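Participant: First the structure, then my questions, so here it is.
The values are calculated or read from the model by the stated rules, or taken from the named source; none is laboratory data. None of the values given here were measured: they were computed from a predicted structure. Cβ placement follows ideal geometry from the backbone for every residue including glycine, while neighbour counts extend to all protein chains displayed.
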Amino acid sequence: MKSIEELKAIRDRTLKEMSIRDNEDKMRIVVGMATCGIAAGAKNVMNAFIDELNKRNINNVTVSMTGCIGICRLEPVAEVFDATGEKTTYVKLDAEKARRIVAEHIVNQKVVTEFTVGAAER
Amino acid sequence: MVYRSHVLICNGTGCTASKVPEIMARLEKALAEKGLEKEVKIVKTGCFGLCEKGPIMVVYPEGATYCHVAPDDIEEIVNEHLVKGRIVKRLLLGDKDVEDVAKSLDNVGFFNRQVRIALRNCGVINPEVIDEYIARDGYMALAKALTEMTPQQVIDEIKKSGLRGRGGGGFPTGMKWQFAANQVSDQKYVCCNADEGDPGAFMDRSILEGDPHSVIEAMAIAGYAIGANQGYIYVRAEYPIAVQRLQIAISQAREYGLLGKNIFGTDFSFDLDIRLGAGAFVCGEETALMTSIEGHRGEPRTRPPFPAVKGLWGKPTILNNVETYANIPVILLKGADWFNTIGTEKSKGTKVFAIGGKINNTGLVEIPMGMTLREVIYDIGGGIPKGKKFKAAQTGGPSGGCIPASHIDVPIDYDNLLELGSMMGSGGMIIMDEDNCMVDIAKFFLEFTVDESCGKCPPCRIGTKRMYEILDRITSGKGEEGDIEKLELLAENIKQSALCGLGQTAPNPVLSTIRYFRDEYEAHVKEHRCPAGVCRALLKYFIIPDKCKGCSLCSKKCPVGAISGEIKKPYVIDQNKCIKCGVCMDTCKFAAIEKK
Amino acid sequence: MSEYVTLTIDGKEVKAPVGSTVLEAAKSVGINIPTLCFLKGINEIGACRMCVVDVGARSLQAACMYPVSEGLKVITNSPKIREARRVTLELILSSHEKKCLSCVRNINCELQKLAQELNIHDIRFEGELQHYPIDDLSHSIVRDPNKCVLCRRCVSVCKNVQTVSAIETVDRGYKTIVASPFHMPLKDTPCVNCGQCIVACPVGALREKNSTDKVWEALNNKDLHVVVQTAPAVRAAIGEEFGYPIGTPVTGKMVAALKKLGFAKVFDTDTAADLTIMEEGTELVDRIKNNGVLPMITSCSPGWIKFCEHFYPDMLDNLSTCKSPQNMFGAVLKSYYAEKMGIDPAKIFVVSVMPCTAKKFEAERPELASTGYPDVDEVITTRELVQMIRESGIDFRNLEDEEFDDPMGEATGAGVIFGATGGVMEAALRSVPYLLTGKDDDNIDINVVRGTDGIKEAELEVAGIKIKAAVAHGLGNARKLLDKVKAGEAEYHFIEIMACPGGCVCGGGQPIQPASVRNEINLMAERAKALYQEDQNLTYRRSHQNPGVLKMYEEYFEKPGGHKAHKLLHTHYVAREIYPEE
């Protein structure tokens, strides 16, 4: 270790990996991963969320799973909780849509209305 | 690598002893079977502190805290929680609203009243991965000290923080460093006392197991402050996990150049070695510890000269305890002013206690100085089991004393504890309820000192033995008029004459119990009665005729044939034959046997 | 340039040198603070807590360790201090086997004296006593842990002064005991039998293996011709036991007492010392001339010999092959003397009176029976001789001086000074010129090898040959010297090593002086004075002038290093492990 910069680099890199363990309020993506969701391809969706967040170096958003959300016909389903607890439910997802949600909702704070349950039900 | 989930498993000694290795193996296997190795990360951590509920497992991002996890629970945790995202409620900590499991660890009373400085990383990081320590600002304090501060500024900051030694005496750490820094010598040493030996105390072990780098970093800072380039960590050989993690941590720090030559490109070089103690309690005394490091029989020597002047191999040496060191990096990073906001006027910061005995949440807690005993027992400790009455708390181990219920609202700090006839000690806290006999407790602690006296000076070697013999006599019903006074006389002279701090404080458990519970002593001596019903020789078992159904079961179970009678009529215990084993009482289905 | 500080002791201002202790400062103004474990220069550990004083600290401090400082206020006498000392002493007494009347140290016991001084009449804290087996398997030393007060004086002398470490404190708490590693008997350890532990012990926990009964038995056996030889150092110290000041030579009275005890002949080991010089000096000259193993090291001290066998087995060839004077004399008595007197050597019983406990072990060495009989049959220490004299009702002080017996009574001053450190070297250096050139030089008082410095060096030029010599006394000093030689940092032709600090005058078999005396005077130097005084007064002061010795060569041994001499007066050594492997 010859400089503080090196130390800071290690810190920032590792912090990203560890941010999942923080209990501070932050955005969460919860993917429905019950049998119905998995059958509809939820796993791909989840991986896409994780991958896209990684690519963009976003480490204050956690991705987690939940059970059946109750709208099996609209699976794969994911819910995005923002820091204030506001919830947006996205349905009929695939990997491509997941990446767009990251780009628009997570990065730019703009709900991707066309994928929401509201739009699908309309 | 980012994972969607982190599973933190306590790898402290307590949980390890409860099948954690098997749990880890099962978990790895189950994750592999489900193909989740790339999504779920297993993180070995140090102690969470809630040892009573171990083995502990925390699953993030939900923060679901599972307790009493058994190897057989793993399949369910993986299938339900990690695959389907459904939290396994039956394993959750506490009885709180299980719907709101996120951040549950922080929400339970056990944790939310704590202020975790020394334990900041315990249960949070993987102690075997230096990067995780660095991620939590590890080694930043060392970097700051080396590049932005002079040694004197470091010492001044520590002085200003008011940090006092967490190993027992509470000597101001900054002052100790200043003494050593003032010495002119070709060689100085920094030592860490990890020879934790008080019965029931294990905070140092937990820090070494859960956050070894915090100690390493602090020792390097200390080395910089006093002008030492070599350190020794004296740790007891009975702490194999701590030793192993320390070894890993030291080699990682060396690899990163955080130990070794020209740290952070400065002129400062520092390295560390581990020395194993063979388990003598006395080696926790600083001069004995150094004598042991030098390769001799671990025995204290007279002071002065003090270690800061003539320590290890006759060179200026500072010796601090593990918990003291763990505070140092935080103080340098956040500043003495921040540290000063925590605690009382003369006792700054926090103190880690190992609470045990008659308490619901046994375990490790870090509380701000000044918290009352009541808060510790009821808010954090969850109260006394079975709704029994709190009688006293023993702090300071064999050097400390008892704080009676009447002082339950005294804020805990160094000076208050001393005034009460106890001491902070290394932080053991044993809670006693109405069923504890204080004479017996004093005897227990004294027996420990008798065994662990190094034997160098007669007051400790013989004096504590004679005190023990008197206590043994008292608790066996052979107490004589004048025994209590004899105990006091011996105690006073041992305090005055013994060579080292351990000898001088050895009588404390007896003196403090006599001070607060003299009536109990007198009951033993004068009435040959043990009010708490503990001292077997003083007890008598009786059959209550009204309750006895004459079933004869007790008579059959009695190992010495002391119970006789006629079927369906009340039985009688022959007091001359009775050996007071209590089997009859345990056997009786009608609660017809009492002891008094 | 010693600096002084001013402190107050019991209200009195005292000036004391920087670095001195409260104990010393108090002594300088006539305040005696009681001590037990303190033995100056040897055991300074503040363990026994008898010397506690009040310096205003949280607890009382040990005066023997507490350094003086400017403005220090000390109280040495107050109710609190007196009680603390009494309680501590009562505690020690409560764990001590108080068989005082039958104790070897009865009336010469520091614990007894302390109990008297501290006004102890009643022990308030009696309790459990530990019972340990007595280790009496060694030829030289008996250890009785039941009497041990754990002052550590023996441990310190064995470990720090002698660097043997045959004993240490082991176990903890009330079970703490001074013992050998793994509780082995002393005889199975590298103990060199020097007995320094015995003379350091304040009580009766250590004593010599007593041989007086065997000597009485021999004296009572009409079939035996019982003769006695006395080592030079005995006469320098035995007077202490009969009220003479330390350093008074009492040779004549000692001889008279031995004759009264019934020995057929009383001989002087000094004669054998002269013989040793003839043999050893010749050996040295031979080694120097013929490129033999150098440095040659003296072999008079059996403690040193065993130390060398254990710790420097690679240096056994450096040892002179000469037997020690005691054994040379024994061999002479059972060969030359027996022949001359016409006595069957089997009927000759040789007793030696030695300042030494290691001599008891030496006498038992099987390799030292070159006449076919043990050279020496029984060894008693100076202390044991005192016991026999007392037991016999001999009024030592009023004895008429008597002379050693012929034919070997007459010794030279060179033989006498063998008893002090440097003495063998000085004696050798007095004779080496003659042995090399056939002529004496002018050097007779070779002061550089006298005195009590741990290591002394001398250089002597004889007939163009420069002889470099060194003297070490105390095995710790010997170790330092040998390590230097082994490391090639020093080169010598001849080295004298004596196991005991001060040489034989302070041997492990000598009268025991309490710490109160040893802390105040240089016992080594005081006792040596007696020998140098006797040396001054003798007609012959060089070994090769000893008429008896010359006669012996003429009548029997032919010449130094001759065939017969080699058979009877020389020996060999065995390498020993420090601890046996099993």
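Participant: Please go through the range C:139-154 and pick out each residue that is in contact (Cβ under 8 Å) with a residue 60 or more places away in the chain and either buried (at least 20 other Cβ atoms within 10 Å of the Cβ) or not in a helix (DSSP H, G or I) (or both).
Facilitator: Initially, the range C:139-154 is screened for residues in contact (Cβ under 8 Å) with a residue 60 or more places away in the chain, giving C:139-145, C:149-153.
C:His139, C:Ser140, C:Ile141, C:Val142, C:Arg143, C:Asp144, C:Val149, C:Leu150, C:Cys151, C:Arg152, C:Arg153 - these are the residues of the range C:139-154 that are in contact (Cβ under 8 Å) with a residue 60 or more places away in the chain and either buried (at least 20 other Cβ atoms within 10 Å of the Cβ) or not in a helix (DSSP H, G or I) (or both).
Participant: Among residues belonging to the range B:281-297 that are among the small types (Gly, Ala, Ser) and at pLDDT below 95, point out the one that is nearest to the chain's Cα centre (by Cα). Don't jump to the end; show me each part of the working.
Facilitator: Taking the range B:281-297 and keeping what is among the small types (Gly, Ala, Ser), we get B:284, B:288, B:292, B:295.
Filter once more, keeping what is at pLDDT below 95: B:284, B:295.
Working: B:Gly284: 14, B:Gly295: 27 Å.
That would be B:Gly284.
Participant: Is one or more of the residues making up the range B:19-27 under 28 Å from the mean Cα position of the chain (by Cα), within 26 Å of B:Gly357 (Cα to Cα), outside any loop (DSSP other than H, G, I, E, B) and not hydrophobic (A, V, I, L, M, F, W, C)?
Facilitator: No, the range B:19-27 contains no residue that is under 28 Å from the mean Cα position of the chain (by Cα), within 26 Å of B:Gly357 (Cα to Cα), outside any loop (DSSP other than H, G, I, E, B) and not hydrophobic (A, V, I, L, M, F, W, C).
Participant: Do we have any residue at all in the range C:326-339 that's touching a residue at least 24 places away in the same chain (Cβ under 8 Å) and assigned to a loop (DSSP other than H, G, I, E, B)?
Facilitator: No, the range C:326-339 contains no residue that is touching a residue at least 24 places away in the same chain (Cβ under 8 Å) and assigned to a loop (DSSP other than H, G, I, E, B).
Participant: Wholly within the range C:188-296, which helices (runs of 4 or more DSSP H) include no fewer than the required count, namely at least 3 residues that are touching a strand residue (DSSP E or B) at 6+ places or on another chain (Cβ under 9 Å) and either hydroxyl-bearing (Ser, Thr, Tyr) or at pLDDT below 95 (or both)?
Facilitator: On the way: elements: C:196-200, C:212-220, C:232-237, C:251-261, C:269-289.
In the range C:188-296, C:269-289 are the helices (runs of 4 or more DSSP H) which contain 3 or more residues that are touching a strand residue (DSSP E or B) at 6+ places or on another chain (Cβ under 9 Å) and either hydroxyl-bearing (Ser, Thr, Tyr) or at pLDDT below 95 (or both).
Participant: Identify all residues within the range A:1-49 that are facing chain B (nearest Cβ under 9 Å), at pLDDT 85 or above, in a helix (DSSP H, G or I) and more than 30 Å from A:Val117 (Cα to Cα); write none if there are none.
Facilitator: A:Ile4, A:Glu6, A:Leu7, A:Lys8, A:Ile10, A:Arg11, A:Asp12, A:Arg13, A:Thr14
Here is a yes/no grid of residues against (1) touching a residue at least 40 places away in the same chain (Cβ under 8 Å); (2) of a type in the set (Gly, Ala, Ser); (3) out of contact with any helix residue (DSSP H, G or I) (no Cβ under 8 Å at 6 or more places or on another chain):
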{"site": "B:Cys500", "(1), (2), (3)": "yes, no, no"}
{"site": "B:Gln504", "(1), (2), (3)": "no, no, no"}
{"site": "B:Thr513", "(1), (2), (3)": "yes, no, no"}
{"site": "B:His528", "(1), (2), (3)": "yes, no, no"}
{"site": "B:Pro531", "(1), (2), (3)": "yes, no, no"}
{"site": "B:Lys540", "(1), (2), (3)": "yes, no, yes"}
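Every residue, every condition in (1) closer than 22 Å to C:Arg153 by Cα; (2) part of a strand (DSSP E or B); (3) among the hydroxyl-bearing types (Ser, Thr, Tyr), yes or no:
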{"residue": "C:Leu7", "(1), (2), (3)": "no, yes, no"}
{"residue": "C:Glu13", "(1), (2), (3)": "no, yes, no"}
{"residue": "C:Ala16", "(1), (2), (3)": "no, yes, no"}
{"residue": "C:Leu23", "(1), (2), (3)": "yes, no, no"}
{"residue": "C:Ala26", "(1), (2), (3)": "no, no, no"}
{"residue": "C:Gly30", "(1), (2), (3)": "no, no, no"}
{"residue": "C:Ile33", "(1), (2), (3)": "yes, no, no"}
{"residue": "C:Cys37", "(1), (2), (3)": "yes, no, no"}
{"residue": "C:Gly41", "(1), (2), (3)": "yes, no, no"}
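Participant: Which is in the same structural domain as B:Phe445 (by TED's automatic domain parsing), out of contact with any strand residue (DSSP E or B) (no Cβ under 7 Å at 6 or more places or on another chain), modelled with pLDDT under 95 and within 30 Å of C:Cys37 (Cα to Cα), of B:Leu487, B:Leu502?
Facilitator: Details: B:Leu487 fails: modelled with pLDDT under 95.
One residue alone meets the criteria, B:Leu502.
Participant: Please work out if C:Glu402 is among the acidic types (Asp, Glu) and either at pLDDT below 90 or not in a loop (DSSP other than H, G, I, E, B) (or both). Steps first, please.
Facilitator: Working: among the acidic types (Asp, Glu): yes; either at pLDDT below 90 or not in a loop (DSSP other than H, G, I, E, B) (or both): no.
It is false that C:Glu402 is among the acidic types (Asp, Glu) and either at pLDDT below 90 or not in a loop (DSSP other than H, G, I, E, B) (or both).
Participant: Shifting gears a bit: Between a first residue in the range C:44-71 that is outside the structural domain of C:Pro17 (by TED's automatic domain parsing) and of a type in the set (A, V, I, L, M) and a second residue that is crowded, with 18+ Cβ neighbours inside 10 Å and part of a loop (DSSP other than H, G, I, E, B), which pairs have beta carbons less than 9 Å apart while being 6 or more apart in sequence or on different chains?
Facilitator: Filtered contacts from the range C:44-71: no entries.
Participant: Do we have B:Asp415 as away from chain C (no Cβ under 14 Å) and either under 21 Å from B:Leu502 (Cα atoms) or at pLDDT 95 or above (or both) here? Before the answer, list the steps.
Facilitator: Details: away from chain C (no Cβ under 14 Å): yes; either under 21 Å from B:Leu502 (Cα atoms) or at pLDDT 95 or above (or both): yes.
For B:Asp415, the condition - away from chain C (no Cβ under 14 Å) and either under 21 Å from B:Leu502 (Cα atoms) or at pLDDT 95 or above (or both) - is met.
Participant: Output the helices (runs of 4 or more DSSP H) that fall wholly within the range B:273-387 and possess 1 or more residues being buried (at least 24 other Cβ atoms within 10 Å of the Cβ), or say none.
Facilitator: Working: elements: B:286-293, B:322-334, B:336-340.
Hits in the range B:273-387: B:286-293, B:322-334.
Participant: Answer yes or no: is there a residue in the range C:32-45 that is more than 20 Å from B:Arg301 (Cβ to Cβ) and either out of contact with any Lys or Arg (no Cβ under 8 Å at 6 or more places or on another chain) or β-branched (Val, Ile, Thr) (or both). Don't jump to the end; show me each part of the working.
Facilitator: Going through the range C:32-45, the residues more than 20 Å from B:Arg301 (Cβ to Cβ) turn out to be C:32, C:34.
Now drop any that are not either out of contact with any Lys or Arg (no Cβ under 8 Å at 6 or more places or on another chain) or β-branched (Val, Ile, Thr) (or both), which leaves C:32.
So far as the range C:32-45 goes, yes, one or more of its residues are more than 20 Å from B:Arg301 (Cβ to Cβ) and either out of contact with any Lys or Arg (no Cβ under 8 Å at 6 or more places or on another chain) or β-branched (Val, Ile, Thr) (or both).
Participant: Among the residues that make up the range C:403-421, is at least one of them surrounded by fewer than 24 Cβ atoms within 10 Å (Cβ to Cβ), in contact with a helix residue (DSSP H, G or I) (Cβ under 7 Å, 6 or more places away or on another chain) and among the charged types (D, E, K, R)?
Facilitator: The answer is yes, given that some residue of the range C:403-421 is surrounded by fewer than 24 Cβ atoms within 10 Å (Cβ to Cβ), in contact with a helix residue (DSSP H, G or I) (Cβ under 7 Å, 6 or more places away or on another chain) and among the charged types (D, E, K, R).
Participant: Of all residues in the range C:506-556, how many are hydrophobic (A, V, I, L, M, F, W, C), at pLDDT 95 or above, touching a Ser or Thr at 6+ places or on another chain (Cβ under 8 Å) and crowded, with 22+ Cβ neighbours inside 10 Å?
Facilitator: Total satisfying the criteria: 1.
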